[in-house]
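One structure is given below, encoded as structure tokens.
Read-outs throughout are calculated quantities, based only on the coordinates presented, and are distinct from any laboratory measurement. Since this is a predicted model, take the numbers as computed values, not measurements. Positions of Cβ are backbone-derived with ideal geometry, glycine not excepted, and every protein chain shown enters the neighbour counts.
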Amino acid sequence: MGLKNFIDGDKDFDHQKFHEELKDKNSELNFMREINVEETSGSGSRELEDIPFVVKDAICTEGTVTSAGSKILENYTPVFDATVVERLKDSGAKFYGKTQQDEFGFGTFSTNTAFETPCNPHDSERVVGGSSGGAGAIVAAMDQPVISIGESTGGSITNPAAYNGVVGVTPTYGRVSRYGLVDYANSLDKIGVLAKTVYGAAKGLETIAGHDEDDHTTADREVPEYSDLEERDNLKVAVPKQYLELDGLQEGVKENFQDSLEKLEESGAEVEEVDMPLLSAEYAVPAYYVLAMAEASTNLAKMSGMRYGLELDPEDFEDYNEYFSEVRTQGFGEEAKRRILVGTYTRMAGYRDQYYVKAAKVRQKIINQYKEVFEDFDVIASPSMPNIAPRIEEAEEMTPTEIYAMDTLTVGPNLAGLPMISVPNGESEGMPTGLHLVGNHFREKDIFNVAHAYMN
Ligand code: GLN
């Protein structure tokens, strides 16, 4: 395998064509927050020479505005590149700009943005998913390949991968440096890759993974050659039965999933249902939202118009409290405000034990449940999302709790910091659906191999 696998046969990458197509498609679908093409400058391996890459808006890029989908950071232009960006540039990949997302990652459809709502390339009346929605849409929209860097806290790579019909890999927590990421929830955030093929996602992850002096939560372990995709025999696949009984699991999605399981079985895998009660909507979703919002509310405290955030004229205000309130009132969208309020409440003295501490305990129990299953199985399979991408109009009418419930399939592995990959597994009502494969900690290679075999 070589870079030819990206580019198809013997063709060279046509940058001019890519740039033109990017501008055209984007004017129709709005998946980019900013197109900013840079000359390749890196001094490293040049292994990805000529491959274009784009980055979710929440990841810092030197000289290119980094707003994380929020008005409060509308004009924030970092003076440094995030580690992942630096590593891609070093490998010779070519930067093309930033992709749209939900504000600070708070959402499921990329409709919670201060900027234009991106539209799905398969049907422009439908959402792109979220929060790394633009990151998924660009991969599906463009003819030529692109490495698209996303970030997942509770499912933000799997979700847009499924809704747009592309491959999306979320690594083990600590596998990829978060240095230069505008944090959502530090104990959950993971930077990963969306691409057209498993090979593309594997190559991208291989380039950005590994220990980083600037992020001491990165693991000091060797990065295997993920892109060296190989066959795997005697695979044992677990299917949590709670997922199959999920409210809101659409019939077409379920059928595609069952077909995928048959395909895996035909290729020699052993598929078995397992009981994982804590993965139900009743436990995993509330635990995730309590923890994610608590962390988010502390992270957003720094957006006050002093060090970060919208600047107003302090002279216009009685005191600094008034100034901060106005900056935050104007700068944050509705979902961000909701999360600041709920997140602050759940960790307040008096409520902490009832909410935050309890959620942390549920999280530990979920991790233990996964550990047990991985004693006997190699991967856990499920549909990636319970539904196909809803229409933008429908999405805008859903209540927050209805939207949160859609994360049931993805919050579990995110809470446990496990690696996961979503691959396209057919269509329902003309829209793509995804197969989700979750692996044990640091076993990205397992999920890449299974996904690759599945897609071939
Ligand atoms: N939909 C989830 C949330 O709103 C996950 C988003 C994410 O992974 N950034 O928190």
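Lys445: which lysines have alpha carbons under 16 Å from its alpha carbon, excluding same-chain residues fewer than 8 sequence positions away?
Lys203, Lys236
Among Gly204, Asn256, Leu229, flag the residue with its Cα farthest along the positive direction of the charge dipole of segment 172-258, charges on Cβ as +1 for Lys/Arg and -1 for Asp/Glu.
The one lying farthest along the dipole's positive direction is Asn256.
Tell me, Kirkwood radius of the chain from alpha-carbon pair distances, in Å?
Working: mean 1/r = 0.0458 Å⁻¹.
So the Kirkwood estimate lands at 21.8 Å.
Please report the antiparallel percentage of the DSSP beta bridges confined to the chain, to the nearest 5.
On the way: 32 of 47 bridges.
Antiparallel bridges: around 70 percent, rounded to the nearest 5.
Where a Cα-Cα gap under 18 Å defines reach, which lysines qualify for Lys365, not counting those fewer than 8 residues away within the same chain?
Hits, sequence-local ones excluded: Lys241.
In square nanometres, what is the average projected area of the Cα convex hull of segment 55-209? The partial results should precede the final answer.
Numbers: hull surface 31.3 nm².
If I average the Cα hull's projected area over directions, I get 7.8 nm².
Ratio of Rg to Rh for segment 319-437, alpha carbon only, Kirkwood? Before the final figure, lay out each step's value.
Working: Rg = 19.1 Å, Rh = 17.8 Å.
The Rg/Rh ratio comes out at 1.07.
Using DSSP to call loops (not H, G, I, E or B), can you name the chymotrypsin sites (Phe, Trp or Tyr not before Pro) in segment 52-156 whose Cβ has at most 11 other Cβ atoms within 10 angstrom?
Within segment 52-156, no chymotrypsin sites (Phe, Trp or Tyr not before Pro) qualify (loop, at most 11 other Cβ atoms within 10 Å).
Could you work out the local net charge near Phe332, counting Lys and Arg as +1, Asp and Glu as -1, over the other residues with Cβ closer than 14 Å to its Cβ?
0
Please work out the Cα center distance from segment 325-364 to segment 74-112, rounded to the nearest Å.
Taking the Cα centre of segment 74-112 as reference, the centre of segment 325-364 is 25 Å away.
Work out the length of the dipole vector of the chain about its Cα centre, built from +1 on the beta-carbon of each Lys and Arg and -1 on the beta-carbon of each Asp and Glu, and round it to the nearest 20 debye. Intermediate results must be reported in sequence, preceding the final value.
Details: 41 positive and 80 negative charges, 188 e Å.
Around 900 debye, computed over the chain.
When all alpha-carbon pairs of segment 235-392 are counted, what percent fall beyond 18 Å? Don't skip to the end; give the middle numbers.
Details: 8736 of 12403 pairs.
The proportion of pairs with Cα distances above 18 Å equals 70 percent.
Dipole magnitude of segment 309-456 about its Cα centre, charges +1 at Lys/Arg Cβ and -1 at Asp/Glu Cβ only, in debye to the nearest 20?
1100
Straight-line reach from Lys358: which lysines fall under 22 Å, measuring Cα to Cα and dropping same-chain residues less than 8 apart?
Lys371
Kindly provide the helix-only [θ] at 222 nm of the chain, computed as the sum of -39,500 (n - 2.57) over DSSP H runs of four or more divided by all residues, to the nearest 500 deg cm²/dmol?
-11000 deg cm²/dmol
Let me check against my output: what whole-number percent is the relative contact order of the chain, with C-alpha pairs under 8 Å and at least 6 apart?
That works out to 17 percent.
May I ask for the net charge around Gly309, where only other residues with Cβ less than 9 Å from the Cβ of Gly309 are counted and Lys, Arg are +1 while Asp, Glu are -1?
+2
For every other residue with a beta carbon closer than 11 angstrom to the beta carbon of Ala135, add +1 if it is Lys or Arg and -1 if Asp or Glu, then tell me the sum.
+1
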